[in-house]
Amino acid sequence: MKEFRVSVLVTFYNQEKYVDRTLQSIINQKTDFGVKIIVGDDGSTDGTCLKVREWIDKFPDQIELYVMDRNPGKQISGFRASRNRLKLLDYVETEYFIFLDGDDYYCYNYKLQKQVEILDDVANKDCIACCHNTDMLYEDGRRVTVTNAKIKERKYGPKEYWQKLYFHTDTLLTRRCVIEKIDKRLLENNFNDNLITFCFLQQGNLYYIPESWTIYFQTGDGIWTSGKEVVNHIRNMFLYDLCNKINPKMKKETDFRFASTWMELLRIRRTINPEDLGLFNVEAIDKKMDNSLKWINYRDIKFSSKLALCLKAVWKSKRKILLHIISDIYGVTLKRFLYERQK
């Protein structure tokens, strides 16, 4: 038995039909080290757990399963998914780990080997994670690459990434040392997608590889794709508030990244009904997310507060547009322009 160096943290919820494909893609990995598979099931009511246990029977030393209880009453899927991911971090004992959603899978058998070699290289000791491109696969067979092909293989720092880039979270092979730095109480209900990457970025750079080595399956059942418009934008405002709590020194970059969220909430402000967002309101109060709280309760706040919030949204959007114009005038890319301003 080879020594385990990587843990793949797989999250499932009622995804019985994808279990075999996902786990087989991990088992197929060609490595000179062992790969641990730690499965977190979010209380599935179909045959997902039964399927996983069939795999455990085949690989008892390699696969573990942890099942979350489901309490009665209304629950928010994104909150539960976050808790599932955070719980899996408690079981990581290997040098590196990586998340994988239950309906996604690996399409390159040397993916983990290549990523470990990059992070093992002393020249990349400043990198907290190694990531790569991914392809979205739709149920009709369409396949679309997520990250622009012009993004080159190299290291990307926190500010540069957060200004304009996106690498799918399930591609990040990450050093275990980040786990102890995560504020699990603050992030308990929002440790999803972009916020995961932002947390990891606080500990170092990302090494990016442009090849697509994973498939991001589009079923329409994801946290974002299955959500209502108002809920989705409130979720993003949660991320905005939380990112500013995690690292207020990156507020400029966070403002830039979430400018469209501010404008979308401004656009739909009259459709926001606080009665429909009760659990989100509780979360915003608990985590002291002031901007989110104001948007959730926009209907009921004072006129002066409404005016201030709307002006804030307009300013954040116009500021982003202004920076684009300035960069065009000076003949430089926006990314370079922002970077030069921060030196």
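Below is a table of values for the structure above.
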quantity	calculated
Percent of beta bridges antiparallel (DSSP, the chain, rounded to nearest 5)	30 percent
Most to least packed among 159-167, 59-67 [average Cβ atoms within 10 Å]	159-167, 59-67
Burial order of peptide ranges 5-12, 49-56, 305-312 (average beta-carbon count within 10 Å, highest first)	5-12, 49-56, 305-312
Cross-link pairs beyond the 24 Å C-alpha cut-off, checked among Lys155/Lys228; Lys164/Lys252; Lys111/Lys245; Lys181/Lys251; Lys152/Lys312	Lys155/Lys228; Lys111/Lys245; Lys152/Lys312
Relative packing of peptides 18-25, 284-291 - highest average C-beta neighbours within 10 Å first	18-25, 284-291
Considering only region 91-248, percent of DSSP beta bridges that pair antiparallel, nearest 5	50 percent
Net charge of neighbours whose Cβ lies under 11 Å from the Cβ of Cys49, counting Lys and Arg as +1 and Asp and Glu as -1	-3
Structure-derived percent of Cα pairs over 26 Å apart: which label, when the choices are [x] 56; [y] 47; [z] 52	[z]
Among Leu173, Gln62, Leu112 the positive-end extreme of the charge dipole of region 4-218 (Cβ point charges)	Leu173
Residues Trp262, Trp315, sorted so that the one with the fewest Cβ neighbours within 10 Å comes first	Trp315, Trp262
Span-rule helices in the chain, defined as complete DSSP H runs reaching 20 Å or more along the axis (Cα) with Kyte mean at least 0.0	229-246, 303-329
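FYI, it's all coordinate maths here, none of it is from the lab. All figures in this text were calculated on a predicted structure; none of them were measured in a lab. With ideal geometry, Cβ positions are generated from the backbone for all residues, glycine too; neighbour counts draw on all protein chains shown.
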